[in-house]
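The values are calculated or read from the model by the stated rules, or taken from the named source; none is laboratory data. As the structure is a prediction and not an experimental result, all values here were calculated from the model. Counting neighbours? That spans all protein chains shown, and the Cβs are built from the backbone with ideal geometry, glycine included.
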Amino acid sequence: MSEFYDDLETRDGEAREAAQFAELPFQIANARDNAPFYRSLFKDISPRDITSHKALAALPLTRKSELIDLQRNDPPFGGLATAAPGDLVRIYQSPGPIYDLEPLGRDYWRTARAFHAAGFRAGEVIHNTFSYHFTPAGAMVERGARALGCAVFPAGPANTDLQVRAIHDFRPTCYAGTPSFLKILLEKGREMGFDTSSMSKASCAAEALPPSVRAEIKAAGIDAVQWYGTADLGMVAYESRAMEGLIVDEGIIVEVVRPGTGDPVSEGEVGEVVVTVFSREYPLIRFATGDLSAVLPGQSPCGRTNMRLKGWMGRADQATKVKGMFVHPSQIADVLKRHREITKARLVVSREEGRDVMTLHCETEGVNAAAVEESLQAVSKLKGRIEITAPGTLPNDGKVIDDVRSYE
C-alpha cells in the first residue's frame with residue numbers, strides 16, 4: 001500500500017498553488033453571493049482578482065473570536081454559512097457557545113489524510129475516544145474512518161472499564177483521541193488485567209503530544225502521531241511518521257500572520273494561523289484561528305511536499321487590561337503602521353509601586369521615540385514608555401503583548 005493518501009501530497013509546490021488559486025475566486029464568489037456576512041465584507045471585492053497569496057493577504061480577516069457575537073446577532077451561524085440548517089447532517093455546539101455545522105459529503109473534515117499518515121489502513125478498526133456529544137470531534141474521526149475504509153468503535157471519553165474490556169475483546173489496531181486518555185486506557189488495562197496490546201497506531205489531537213508522553217506511549221508498543229484542527233475548519237495539519245512538523249492539508253490554504261494584523265510573517269517567524277477552506281456550505285475565508293505557529297523551512301523527509309507548521313505554540317489573543325482599559329494587539333499594529341521604521345514591537349505590561357506601566361519595545365535602526373510615544377497614547381488612550389532595541393533582539397514567540405504583572 002502507498003505511503004501517500006493520494007498524488008496531491010507529493011505534487012510540485014507551484015502546481016499546488018496554481019490549482020488552489022484557480023479555484024479560490026469561485027469560492028470567494030460563492031461566499032459573497034450566498035453568505036450574508038461575506039456579502040457585506042466582500043461587497044467591494046472582485047473575486048476574479050484573488051489569484052495569488054499577495055491578493056489573498058489583502059482581504060480582511062474573519063476572526064474565530066468574533067463568532068460568538070456574530071452568531072448571537074444572526075443565529076445560528078452568523079451569516080457565514082450558505083446552507084440552511086435543515087439541509088445539514090448535524091449541528092454542533094462548542095463552548096462559547098459557538099455553533100458548527102456538518103453538511104453532506106465524503107470526509108467533510110478531511111481527517112482521512114491524517115489517519116492514513118498515521119498508518120491506518122482499510123479494514124482496520126479504530127477505537128475512537130473523541131466525544132460524540134455536542135461537539136463534532138467524534139464525527140470528525142467517523143467521517144475520515146469511513147472514507148479510509150475503517151470500522152469504528154464509538155467509545156467516547158468515559159467508561160474506561162468498559163472500554164478496556166472492549167479493546168480486549170475485539171482487538172482494535174488503531175486509536176483516535178487525546179494522548180492523555182490513551183495513557184489512562186493503558187493504565188486501566190494493566191490494572192484490570194485486560195490485554196490492550198492490539199493497538200499499535202494512534203492518531204492524537206486536541207492537546208499537546210510532548211516527547212515524554214510519546215515515548216511513554218511508544219513503550220506500550222504504540223506509534224503515536226498528532227494532527228491539528230478545529231470544529232470550524234476541520235483538519236488543518238497533520239504529522240506523518242517522519243515526525244518533523246505538521247504538514248498542511250491539501251484542501252485548504254494556510255497563512256501565518258502577525259498577531260493583530262493580516263500581514264504574513266517571514267518563514268520561521270511565529271504568528272497567528274489563518275486558514276481558507278473550500279467548503280461550499282461554510283466558506284471560511286482568511287479565518288483567523290487565534291492559534292500561534294511558525295512555518296518550517298523545506299519539506300518533510302517523508303516525501304510530502306506541502307507547507308509544514310511547527311505545531312501549536314500558544315494563543316494570539318493577547319488583549320489585556322491596563323488601568324481599566326483593554327489594549328489589543330491590533331492597536332500595537334496601528335502604532336507600527338504610523339512608524340514604518342519599526343520592524344517589530346512588543347508591549348510589556350508590568351507593575352511598579354502598585355501602578356500599571358506600559359513599555360513598548362521597538363526593533364528599529366532609528367526612529368523618533370517621542371513620536372512613537374505620542375502615537376501609542378493616541379491609539380491606546382494610555383501613556384507608555386518607548387524602548388528602542390536592535391533588529392532581531394525581541395523573542396520569536398509571536399507575542400505582541402506580554403503581561404508580566406504579578407499581584408502576589
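Here are some notes:
- Residues in the range 84-110 that are crowded, with 21+ Cβ neighbours inside 10 Å and in a loop (DSSP other than H, G, I, E, B): Y108, W109, R110.
- Single residue of P25, P47, P75 found to be without any contact (Cβ under 8 Å) to a residue 60 or more places away in the chain and either on the phi > 0 side of the Ramachandran plot or surrounded by fewer than 15 Cβ atoms within 10 Å (Cβ to Cβ) (or both): P75
- When Y175 is tested against (1) in contact with a Lys or Arg (Cβ under 9 Å, 6 or more places away or on another chain); (2) under 26 Å from E17 (Cβ atoms); (3) in a strand (DSSP E or B), just one condition goes unmet, and that condition is (2).
- Enumeration of residues in the range 111-130 that are over 23 Å from T305 (Cα atoms) and either of a type in the set (D, E, K, R) or surrounded by 17 or more Cβ atoms within 10 Å (Cβ to Cβ) (or both): E124, V125, I126, H127, N128, T129, F130
- Subset of the range 330-342 [closer than 21 Å to D317 by Cα and either over 25 Å from the mean Cα position of the chain (by Cα) or without any contact (Cβ under 8 Å) to a residue 60 or more places away in the chain (or both)]: D334, V335, L336, K337
- When residues of the range 359-393 are limited to those that are crowded, with 18+ Cβ neighbours inside 10 Å and aliphatic (A, V, I, L, M), the one nearest to Q318 (Cα to Cα): L360
- Count of residues meeting criterion [under 16 Å from the mean Cα position of the chain (by Cα), assigned to a loop (DSSP other than H, G, I, E, B) and not basic (K, R)] in the range 241-259: 5
- Single residue of A215, A208 found to be surrounded by fewer than 17 Cβ atoms within 10 Å (Cβ to Cβ), modelled with pLDDT under 95, part of a loop (DSSP other than H, G, I, E, B) and assigned by TED's automatic domain parsing to the domain that holds G303: A208
- Scanning the range 123-180 for residues that are among the basic types (K, R) and either more than 20 Å from E102 (Cα to Cα) or not assigned by TED's automatic domain parsing to the domain that holds T111 (or both) returns R165, R171.
- Hits in the range 23-54 (condition: among the polar types (S, T, N, Q) and assigned to a helix (DSSP H, G or I)): Q27, N30, N34, S40
- Residue among E66, E23, E3 that is over 25 Å from G260 (Cα atoms), at pLDDT below 95 and among the charged types (D, E, K, R): E3
- Scope the range 228-261; condition closer than 17 Å to L101 by Cβ and of a type in the set (D, E, K, R); matching residues: D232
- Filtered residue count, the range 55-81, keeping only those that are within 26 Å of E17 (Cβ to Cβ) and part of a helix (DSSP H, G or I): 4
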